[in-house]
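Heads up, the thing below is written out as structure tokens.
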Amino acid sequence: MTPTPRRQRTPRSSLSRERVLEGAMRVADERGAASVSMRKVAEHLGVEAMSLYHHVANKDEILDGIVDLVFAEIDLPRDAADWRSAMRRRAFSARAVLFRHTWALGLMDSRRNPGPATLRHHDWVIGCLRGAGFPIAMAAQAFSTLDSYVYGFVLQESNLPFDTPGELEDVATAMVSAFPADAYPHLSEMITDHALRRDYAYADEFAPGLDLILDGLERTLEGSVGPSET
């Protein structure tokens with residue numbers, strides 16, 4: 001029987017806050033946020049749990065830190081031509097980052113001690129919208145609406161019961177065959193005429209939905225500009 005390889009131990013002297021947080025993020029990526037603890041992070045790094053306390057105070061500080069690392073990965077496109085293209089690119093980046101770190105979905109806006117990357121991210125989004133002419137209340141609404149869409153899409157996408165077109169076909173076919181005849185005609189139509197197309201991919205639904213939101217925000221912004229401001 002081949003012995004299970006042990007994790008390489010990290011010399012205590014080489015530990016740092018950054019290394020602790022990177023290790024915690026790997027634990028979250030592998031096992032979920034609920035598995036992040038001082039003991040599990042120490043085990044991942046190959047050190048004693050007590051040695052972590054030289055760099056982080058407790059589990060809450062670790063969670064604050066790894067959420068901040070997630071926000072740091074999201075692209076804030078300062079070279080975008082306008083607010084709409086900037087928000088679009090940020091949304092695509094956020095979706096990709098959250099798909100890599102789906103454990104973060106329930107933590108992104110729940111931390112009471114946001115880190116510098118989190119604060120920078122939020123300030124940039126608000127500033128981009130305010131610079132485009134959104135009143136502050138409308139900017140807050142736009143920010144919330146966009147993030148609700150991105151977070152919700154990633155949550156649904158990451159929980160779909162299929163990963164490949166073949167698996168999708170198997171799931172969809174089984175669903176349709178289980179329906180009583182003509183009981184759910186509209187659902188059957190969506191599955192057979194849309195989801196079972198050879199070129200269908202659920203991921204392709206993201207951009208059109210995002211554009212619908214951006215279209216609505218653009219119309220709302222235009223409607224908020226009075227005659228004296230045009």
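The values are calculated or read from the model by the stated rules, or taken from the named source; none is laboratory data. These numbers were taken from a predicted model, which means no experiment stands behind them. As a convention, Cβ positions derive from the backbone with ideal geometry for all residues, glycine included, and neighbour counts pool all protein chains shown. Keep in mind that these areas ignore ligands, DNA and RNA; they rest on the heavy atoms of the full protein, side chains included. Shrake-Rupley method; radii C 1.70, N 1.55, O 1.52, S 1.80 Å.
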Check your understanding: Cβ-Cβ below 7 Å, separation at least six or inter-chain, first residue in the stretch 94-111 and free of Cβ contacts under 8 Å to residues at least 60 places away in the same chain, second small (Gly, Ala, Ser) and open to solvent by less than 30 Å² (accessible area, probe 1.4 Å): which pairs?
Key -> Leu98/Ala104
Check your understanding: So Arg130 clears everything in (1) in contact with a Ser or Thr (Cβ under 9 Å, 6 or more places away or on another chain); (2) of a type outside the set (Gly, Ala, Ser); (3) assigned to a helix (DSSP H, G or I) except one condition, right? Which one?
Key -> (1)
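Only one residue in Ser158, Ser148 is in contact (Cβ under 8 Å) with a residue 40 or more places away in the chain and loosely packed, with under 13 Cβ neighbours inside 10 Å, so which one is that?
Values: Ser148 fails: in contact (Cβ under 8 Å) with a residue 40 or more places away in the chain.
Of the residues listed, the single one that is in contact (Cβ under 8 Å) with a residue 40 or more places away in the chain and loosely packed, with under 13 Cβ neighbours inside 10 Å is Ser158.
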Practice item. Look through Arg111, Arg120 and report the one residue that is in contact with a helix residue (DSSP H, G or I) (Cβ under 6 Å, 6 or more places away or on another chain) and of a type in the set (Lys, Arg). Key: Arg111
Check your understanding: So which of Ala172, Ala139 is surrounded by 15 or more Cβ atoms within 10 Å (Cβ to Cβ), free of Cβ contacts under 8 Å to residues at least 40 places away in the same chain and within 26 Å of Val67 (Cβ to Cβ)?
Key -> Ala139
Review point. Looking only at the stretch 44-58, which residues are out of contact with any Lys or Arg (no Cβ under 8 Å at 6 or more places or on another chain) and either outside any loop (DSSP other than H, G, I, E, B) or open to solvent by less than 20 Å² (accessible area, probe 1.4 Å) (or both)?
Key: Met50, Leu52
Point to revise | Hits in the stretch 96-114 (condition: in a helix (DSSP H, G or I) and surrounded by fewer than 20 Cβ atoms within 10 Å (Cβ to Cβ)) | key: Ala96, Val97, Phe99, Arg100, Thr102, Leu105, Gly106
Check your understanding: Which number in (1) among the polar types (S, T, N, Q); (2) in contact (Cβ under 8 Å) with a residue 12 or more places away in the chain; (3) more than 24 Å from Gly32 (Cβ to Cβ) marks the one condition that Ser85 misses?
Key -> (2)
Revision key, fill the gap. For the stretch 14-33, the count of residues that are under 18 Å from the mean Cα position of the chain (by Cα) and farther than 17 Å from Asp68 by Cα equals 2
Practice item. Looking only at the stretch 175-200, count how many residues are part of a loop (DSSP other than H, G, I, E, B) and surrounded by 10 or more Cβ atoms within 10 Å (Cβ to Cβ). Key: 5
